[in-house]
Structures are given as structure tokens and as C-alpha cells.
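Read the structure below first, then the notes.
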Amino acid sequence: MQADDFRISIIITSYNKRDYLVEAVESVIGQTLPPHEIIVADDGSTDGSRDTIRDYMRRYPDLVKGIFQQENVGIPRNRNAALRTVSGNYVSILDGDDTFTPDKLERQVDALRAAPDARVVYSNFRRVEADGRTEVGLRYSGPQPQGAILADVAKLNFGILRTMVADYEAVKAVGFMDERYTKCDGLLLSIQLASRCRFAYVDAPLINKRRHPGSDSVSNTTLESLHDNFGIFHDIQPLLAALDNRTIADINNRWKKRLTKLLNKL
């Protein structure tokens, strides 16, 4: 595929994060490889975010679309509402308090073109403080696997959804986000895609993930995490059947340790 064949739809989800949302949208508008469309899905905000989204829709009528939930429906349901409206052939999801680096899409499309058998590409990402500039650290300390990466992702490799650009038909084929898992939907989707698709990887931080008291990862409760982790652990078992027994045992042991740790925190 040539660069022009990648029509990437960007989904930005947000709830009461108006100031951060502006930075998120601007980081997508300013990409060196322009996106096909930007779909901003607001989850019932009451802080003026809707007016901000409508302003972008007026300023960029051929680029920005808005989806407005009448009440707070939760992250996966809000994401799914946006996913169902995608008109591009690739899709990327951005939280409304995070930002893309300027060359994110260009570098990931280059990686997909270099690996024509891959249908998904991911990258490293940078954790930053609430100011969006002070670096806390990187998600990965070294290069990550490419190709058939189901075993690696299933070993509780959180955060891949934050950076990925994925073939839209592949995302659609697995049923979009699982709305039963309100906090860990991205992990399950990543595992499902890895069971079907080959992945490419860009060894650079292409997302700035903001850390602040109201972020979803900080606000997760132990009970919510336990519910999602237990359900996903059960659901992925059929997907692991293609792996060898030793790898399956290793994956399951990691999950059991995580579940035990969460149980002990209750």
C-alpha cells in the first residue's frame, strides 16, 4: 500500500477534560501525515467540552466530527459509538487527555509499508505529568516484538491500544470494544487483534500519556480492575490454544499472580 492508501480515522474520547482536549485535537490536526478524519466522542461532559468540539466542527467541517452522549455511558461504549461511524480503512484511538507526537501517523504508516503482512502497528509511549511536558518515563525500556506477538501481548502487556494504528476491518471483525470491561477494554482488544493479525513496531515514543488525578488509569478501583481482569482471563483462553503448552502455562501463571495480588488488596 502507498501512503495515500492509508486513510486513518482518529477517535478521541473525552469526559470533562476540555483544556486537555484542545491539546489532544491540535496534536492530531498538526500531524505531518494528515488523518482522514477526527471523530471526537464526548461522554456526557458538563465542563464546556461540547462547545469546544462544536467549534472544531465549524472550523474543520471536512475533518472533525462530533459524537455527543446524552449521559455518561463509560469508555468502551463511547468508543464503540465512534468506531461505528469510521469511514477510513485504518483507525487509531486517543484519550482526550493525551497527545500524539507530530510525526506519529507518518512513522507508523512507514512501518506498515515496510511490513506488508502487518495489519496493526504500535509504538512506545512517554508518560508525562499533568503539564504535558515533564517526562515521568517510557512504557518500554527497549525494542518490542513484531510479527506474531500474541504470546507477548497476552502476558499482560498493557497500553498497546494507546499507540496502535489498526486495520479497521480487523477491529470490526473482533466486535470493537467489549463493553463489559469498562477499564481494561484496550487490553482485550489488543489480545484479540494479536490472535488474528501480525503487528509492526516503531521503537520510539509516539504518544504522550498524561498522568493526573482525574485520569482513568489513576481512578480505577481494585474491584473494577479485578472484575475486568478476571473476565478477560477467562475470555482469552480459547485464543491461547494456538500457542505451545509451556507458553500457555507461563501466560496463565502471570494472570493468576495478578488476580491474586488484586484479591489481596480488597
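Results for (1) in contact with a helix residue (DSSP H, G or I) (Cβ under 7 Å, 6 or more places away or on another chain); (2) at pLDDT below 95, shown as yes or no for each residue.
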site	(1), (2)
172	no, no
178	yes, no
185	yes, yes
194	yes, no
205	no, no
218	no, yes
Within the stretch 158-170, tally of residues that are surrounded by fewer than 19 Cβ atoms within 10 Å (Cβ to Cβ) and at pLDDT below 95: 1
Considering 152, 235, 250, which residue is surrounded by 14 or more Cβ atoms within 10 Å (Cβ to Cβ) and under 28 Å from residue 103 (Cα atoms)? 152
Output the number of residues of the stretch 17-39 satisfying the condition of being surrounded by 15 or more Cβ atoms within 10 Å (Cβ to Cβ), free of Cβ contacts under 8 Å to residues at least 40 places away in the same chain and closer than 28 Å to residue 71 by Cβ. 4
Kindly provide the set of residues from the stretch 97-117 that are touching a helix residue (DSSP H, G or I) at 6+ places or on another chain (Cβ under 7 Å) and either closer than 17 Å to residue 193 by Cα or part of a loop (DSSP other than H, G, I, E, B) (or both), ordered by number. 97, 98
Taking residue 249 and the conditions (1) outside any strand (DSSP E or B); (2) closer than 25 Å to residue 171 by Cα, which numbered condition does it fall short on, given that it satisfies the others? (2)
Exactly one condition in (1) under 23 Å from residue 266 (Cα atoms); (2) in a loop (DSSP other than H, G, I, E, B) is false for residue 234; which is it? (2)
Can you tell me which condition residue 133 does not meet? The list is (1) touching a residue at least 60 places away in the same chain (Cβ under 8 Å); (2) loosely packed, with under 12 Cβ neighbours inside 10 Å, and all the others hold. (1)
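So that you can scan it fast, the table gives a plain yes or no per residue for (1) in contact (Cβ under 8 Å) with a residue 40 or more places away in the chain; (2) part of a helix (DSSP H, G or I); (3) over 20 Å from residue 167 (Cα atoms):
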residue	(1), (2), (3)
45	no, no, yes
50	no, yes, yes
53	no, yes, yes
56	no, yes, yes
67	no, no, yes
70	no, no, yes
73	no, no, yes
80	yes, yes, no
85	yes, no, no
Say whether the condition of being under 18 Å from the mean Cα position of the chain (by Cα) and crowded, with 17+ Cβ neighbours inside 10 Å is met by at least one residue in the stretch 44-65. no
So residue 94, is it outside any strand (DSSP E or B), closer than 15 Å to residue 166 by Cα and of a type in the set (A, V, I, L, M): no
Filter result for the condition that a residue is modelled with pLDDT of 95 or more and more than 22 Å from residue 103 (Cα to Cα), over 55, 62: 55
The residue from 240, 263, 259, 193 that alone is assigned to a helix (DSSP H, G or I) and in contact with a strand residue (DSSP E or B) (Cβ under 6 Å, 6 or more places away or on another chain) is 193
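Matching residues to (1) free of Cβ contacts under 8 Å to residues at least 60 places away in the same chain; (2) in contact with a strand residue (DSSP E or B) (Cβ under 8 Å, 6 or more places away or on another chain); (3) farther than 26 Å from residue 37 by Cα:
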residue: 174; (1), (2), (3): yes, no, no
residue: 184; (1), (2), (3): yes, no, no
residue: 189; (1), (2), (3): yes, no, no
residue: 204; (1), (2), (3): no, yes, no
residue: 209; (1), (2), (3): no, yes, no
residue: 230; (1), (2), (3): yes, no, yes
residue: 235; (1), (2), (3): yes, no, yes
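The values are calculated or read from the model by the stated rules, or taken from the named source; none is laboratory data. This one's a predicted model, so the numbers in the text were calculated from it and none came from an experiment. Quick reminder, even Gly has a Cβ in these numbers, built from the backbone with ideal geometry, and neighbours come from all protein chains shown.
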